[in-house]
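A quick write-up on the structure given underneath.
The values are calculated or read from the model by the stated rules, or taken from the named source; none is laboratory data. This is a predicted model, so every value here is computed, not measured. When we count neighbours, we look across all protein chains shown, and the Cβ atoms used for this are built from the backbone with ideal geometry, even at glycine. Areas reflect the complete protein model, heavy atoms only, side chains present, ligands, DNA and RNA absent. Shrake-Rupley method; radii C 1.70, N 1.55, O 1.52, S 1.80 Å.
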Amino acid sequence: MNQAHILVVDDEPDIRELVRDILEDEGYKVTVAENGQTARKSFARHAHDLVLLDIWMPDVDGITLLKEWSAAGGLECPVVVMSGHGSVETAIEATRLGAHDFVQKPISLAKLLSIVSQALESGRKTARPQSASALVIIEPIGSSAVMQVLRGKSEQAAQHDLPVLITGEKGSGRENLARFIHSQSKRPGEFITMDHCELAGENVHTYLLGGDDPTGKVQSGGLFERAHQGTLFIPDLQDIPGEALKIIVQILQGERGSKNLDCRLIASAGVNILDRASNDSGLQQLYYRLNVLPLQVPPLRERPDDVPELVRFYAETFPNSENLPYRPFSVAAQNRLRNHSWPGNIRELRNLVQRLLVLGGDGEVSLGEVEEALLQSPSEPISGASDHPEFFDLPLREAREKFEREYLVFKLKEAGGSVGKLAEAVGMERTHLYRKLRALGVDSRGAIASGETKK
């Protein structure tokens, strides 16, 4: 039997159920969605091998969904667009957005099965593994009461354009929640993430707004313009450098030629953001501008009943995204994971599941394997941290700059002074790396210019 997973999106119940029955009789796994919102949720949460998408629906039309899915990083599976009122223009638009095929209803049984077979074969030929770092959940996973409330509040927030501030611990899923809010909104633009590396250099204004003149009008290429009609996500609010804070506040006030910008702002911050803001006037201004709709993501240790669901999600997702073997977790293993403290939150859990699938054997993941894996993920500070006590007496920004400077000088010497080799070694785009080196006062020979970080 064919276990390909097909999502059928159609607002007409008779057609929807008929297509499901036909496909299930052929051995396919089928999920149905009666409208655009339901399709969004299913597409976000589950991996599909094919989508059969109706064009005309009462809430969100198929072309809009196709645009959203294409803009989110490219279609991960073939999409066949169906319509009873098709036009040449609609077919062309659907094809331009990446649809595999466009068919008019009513469609015969033989033609439906032929199109499905061809689309799945095309998807198998073009599919490429997705790295764990690119793995996107979008809909926050968990059936606990606290997660149900969080999802409900997030869906409410998505219907408005007011700023959202998401607080929580590292690895708890703050950016994922921001992506979920964007996916539930009606904004047609992209989800754009602010890069902190770009905020530490001398070209902050150019990065944020484009152009070279801080008093001139906005030019193409700026971050805010890229997020036009979409969402701009500002991660780790408390770590933004002071000069960048000032410029961002001015932009939000309509200064620096930014009056016509249109993007929804979502920011994330640590749980101690209010304490940090009380000691930093620039951060305080930005905090109060963004803390309009506050949401707090609970740490994983406070919702242990969600752990088995998260484990199952990653155990079922990694075989598709990473071509890893599928291995269910035994009840004893799940119970042990439920009782773990998870200092690294969801990020730690994801990495642990991946490690067990890569290094483990066949069959169920046992309690013994989990115990051994947990011993390799200690919650104590990283060994060697005490070798650099000078970092712990500095504010976070200064400690980070000091570490980055020493790290890049060391890696640059390893690379023989070649910035190109350094870019490959540290995983940064060369243009961004040049800006970072200039901001930190590191010259091309690995020496510190003037001995200090540029202010």
Potential extension, S122-R400 segment - 0.36 nm per residue separation minus Cα distance: 95.4 nm
The base-10 log of I(q)/I(0) that the Debye equation returns for the stretch 223-282 at q = 0.27, 0.29 Å⁻¹, one scatterer per C-alpha, is -1.21, -1.27
Extension gain, D262 back to E364 (0.36 nm per residue minus Cα-Cα distance, nm): 31.7 nm
With every protein chain kept in place and a 1.4 Å probe, the residues M194, M428 fall, from largest accessible area down, as M428, M194
Hey, with R₀ at 25 Å, roughly what FRET efficiency would R347 and R96 work out to, going by the Cβ-Cβ distance, to 0.05? 0.10
Estimate the FRET efficiency between A47 and S114 by the formula 1/(1 + (r/R0)^6), using the beta-carbon distance for r and 25 Å for R0, to the nearest 0.05. 0.55
Label model pair K246, D11: point-to-point distance (7 angstrom along the Cα→beta-carbon line) in nm is 5.2
Excluding same-chain residues fewer than 8 positions from K413, which aspartates and glutamates have a Cα within less than 19 Å of its Cα? E401, E404, E424, E429, D443, E452
Multiply the residue gap between R312 and E424 by 0.36 nm, knock off their C-alpha separation, and tell me the result in nm, one decimal place. 36.8 nm
Computed E for Q104/E26 - FRET, C-beta separation, R0 25 angstrom, nearest 0.05: 0.70
Accessible area in the full protein assembly, largest first, 1.4 Å probe, for F313, F180: F313, F180
Accessible area per residue of the stretch 254-372 at 1.4 Å probe, in Å²? 49
Taking every other residue with Cβ under 12 Å from the Cβ of Q104 and scoring Lys and Arg +1, Asp and Glu -1, one gets 0
Members of K402/K436; K67/K259; K170/K246 lying beyond 23 Å, as alpha-carbon distances in this model show: K67/K259; K170/K246
If you rank E424, E169, E139 by how much accessible surface each has, with a 1.4 Å probe, what is the order from largest down? E424, E169, E139
Quick check of the Kirkwood formula: for the stretch 299-366, what is the inverse mean of 1/r over all pairs of different Cα atoms, in Å? 12.0
Which three semi-axes in whole Å describe the equivalent ellipsoid of the stretch 244-380, each the square root of 5 times a Cα gyration tensor eigenvalue, listed largest first? 42, 18, 12
What is the percent carbon and sulfur in the accessible area of the stretch 153-213, measuring with a 1.4 Å probe over the protein chains and ignoring ligands? 46
